[in-house]
Structure formats: C-alpha cells, structure tokens
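Q: My structure is below; once you've seen it, I'll send some questions.
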Amino acid sequence: MVVVSVPAEVTAILLDIEGTTTPIAFVKDTLFPYIRENVKDYLQTHWDDDECQQDVSLLRKQAEEDAHLDGAVPIPVASGNNEDDLQQMIQAVVDNVYWQMSHDRKTTALKQLQGHMWKAAFTAGLVKAEFFEDVVPAVRRWREAGMKVYIYSSGSVEAQKLLFGHSTEGDILELIDGHFDTKIGHKVESESYRKIADSIGCLTSNILFLTDVTLEASAAEEADVHVAVVVRPGNAGLTDDEKTYYNLITSFHELNLPST
C-alpha cells in the first residue's frame, strides 16, 4: 500500500465529495435519475406549496433568459385555473428540467428544485447517500487524532448536510466540523482556499485538501494548501505528468497522520 505522510503542520483536512468521499456513479446513476423519474409527480404533489411556486418562478425566469438558446423550453404563465392549463404548465416545467439536465446546466433555478426534491427523498428514506468504505472509518480515526474535518463541494451546504445526515452509514454529520460551497468562491480559484482558512481560523498551510480534480488541487496549492489527489473507480483519468507531480491515494487509509 502506498503511504502519503501528512505534514506535521496540518491540523485540518478539507474534503471534496463527488469522486473523493462518494462515487461519481452515485450522483450520475442515483441522484440525477431520481429527478428525471420523479419531477412530474413531485410537481403534482407540491404544486400549491409556496416553496414549489418559488422554484417554478425561478425556473420560468431562467427559461426567459435562455429563450435565445437552441431547443430552450419556455414555461408559460398560468392563463386560467382549469385542470388542462395546470397540466400544461406542469409538463412545461418537466420539459424544461429535462432540457436543462440534458445540457448539464448548473443554473441556480435547476439546482434549487433538485435540492428540494432530494431533501424530500432523503428525509423520507427513499434515497441514502453512499460513501466509499474507507471514508467513515478514516474520518473517525482523523478526529480521534485531533484533526478537524471540513467539506468543500460545489453542491450547496444544504445538499452536503443531506448526504452526511442520510447515508448508508446513518447520520454522520457529527463527524464534520464545517461545510463550504461555492458561496465562498469557486474551487478552481486559489482565493477560495484562503477564505476557507480564514473562516476555519488557521493558516492555509495547516490544511490538507483531498480532491479528485487536479485543477482544484492546483488552485489549492497556489494558496499554500497541502493536497493529495484521490484516485477512485469511475473518476476521470490523470495525465502522466499529473501522476508524477501529485501525491496520489486510492484510499483515505493511505494517509499517515503525524501522530501515527
């Protein structure tokens, strides 16, 4: 087994989620298909809820901004209260969501609806988050050794807490000291990691960042954050130069903490 020694100055470990703690396949094969398969039923059930109406309004506004794009699906404003009008509008929202997802859009409007749908699914026990088998035992070991553990993901903090609160390992939120998303900055910008260090109350050199994305690793390094690139099944391949340059791990157990 390859062992990567964690520098003695590291006091906090910052984790990416997709491709690092959680299989990319879980997002691709479970979370996104859940939206496609259930969005119509969800809208039918929750249409009169304020939250749902806010989601639809945001999607409609996004559709107006997207009107110039090829194949964009408009969402009409209700012209009446009859059932046919309602069903037409719900179908328009469904078609818009399908269109955005087929183009891998990351719009706030789409992410907000998805987040609310996933929240309902996780809370009802219909979906449970998956973690690689080494993740939870390793995080427990790190915490016992005095490490702080944080999450930094492009998914919202709310979505992160859903994953860690409703997993196949149970509710493991207590293992995480804090959560960061792109509100603090994008993951490929070095300034984001300086802001995270400020928020944690440490130096950037006190942080070890684990990610499967080398662009993120490079940005973190520019901010003097220690990095290791995580190689997991289903992740994008690395170039020969990247394999040579970065510390690579295939399991969190390959990290050797200063105190061990």
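Q: Which of the following residues is buried (at least 19 other Cβ atoms within 10 Å of the Cβ), in a helix (DSSP H, G or I) and among the polar types (S, T, N, Q): S218, S199, S192? Give the steps one after another, and end with the answer.
A: On the way: S218 fails: buried (at least 19 other Cβ atoms within 10 Å of the Cβ); S199 fails: buried (at least 19 other Cβ atoms within 10 Å of the Cβ).
Selected residue: S192, the only one of S218, S199, S192 that is buried (at least 19 other Cβ atoms within 10 Å of the Cβ), in a helix (DSSP H, G or I) and among the polar types (S, T, N, Q).
Q: Being free of Cβ contacts under 8 Å to residues at least 24 places away in the same chain and more than 13 Å from the chain's Cα centre (by Cα) is the filter; apply it to the range 2-33 and report the residue that is most open to solvent (accessible area, probe 1.4 Å).
A: Among them, the one singled out is D29.
Q: Of the numbered conditions (1) surrounded by 13 or more Cβ atoms within 10 Å (Cβ to Cβ); (2) modelled with pLDDT under 95; (3) of a type outside the set (S, T, N, Q), V93 fails exactly one; give the number of that condition.
A: Result: V93 fails condition (2) only.
Q: Name the one entry in V10, V27 that is part of a helix (DSSP H, G or I), in contact with a strand residue (DSSP E or B) (Cβ under 6 Å, 6 or more places away or on another chain), within 27 Å of F164 (Cα to Cα) and aliphatic (A, V, I, L, M).
A: Numbers: V10 fails: part of a helix (DSSP H, G or I).
Exactly one of V10, V27 is part of a helix (DSSP H, G or I), in contact with a strand residue (DSSP E or B) (Cβ under 6 Å, 6 or more places away or on another chain), within 27 Å of F164 (Cα to Cα) and aliphatic (A, V, I, L, M), namely V27.
Q: Another question, if that's okay. Name the residues in the range 39-55 that are hydroxyl-bearing (S, T, Y) and surrounded by 14 or more Cβ atoms within 10 Å (Cβ to Cβ), would you?
A: Matches in the range 39-55: Y42 only.
Q: From the list Q62, Q112, which one is closer than 30 Å to T211 by Cα, free of Cβ contacts under 8 Å to residues at least 60 places away in the same chain and surrounded by 17 or more Cβ atoms within 10 Å (Cβ to Cβ)?
A: On the way: Q62 fails: closer than 30 Å to T211 by Cα.
Going through Q62, Q112 in turn, just one is closer than 30 Å to T211 by Cα, free of Cβ contacts under 8 Å to residues at least 60 places away in the same chain and surrounded by 17 or more Cβ atoms within 10 Å (Cβ to Cβ): Q112.
Q: Surrounded by fewer than 16 Cβ atoms within 10 Å (Cβ to Cβ), within 25 Å of A12 (Cβ to Cβ), hydrophobic (A, V, I, L, M, F, W, C) and touching a residue at least 60 places away in the same chain (Cβ under 8 Å): does that describe A138? Talk me through it step by step, then tell me what you get.
A: Values: surrounded by fewer than 16 Cβ atoms within 10 Å (Cβ to Cβ): no; within 25 Å of A12 (Cβ to Cβ): yes; hydrophobic (A, V, I, L, M, F, W, C): yes; touching a residue at least 60 places away in the same chain (Cβ under 8 Å): yes.
The answer is no for A138.
The values are calculated or read from the model by the stated rules, or taken from the named source; none is laboratory data. If you're wondering where the values come from, they're calculated on a predicted model, not measured in any experiment. Heads up, the Cβs are rebuilt from the backbone with ideal geometry, glycines too, and the neighbour counts pull from every protein chain shown. What goes into the accessible areas is simple: the full protein's heavy atoms, side chains included, and nothing from ligands, DNA or RNA. Shrake-Rupley method; radii C 1.70, N 1.55, O 1.52, S 1.80 Å.
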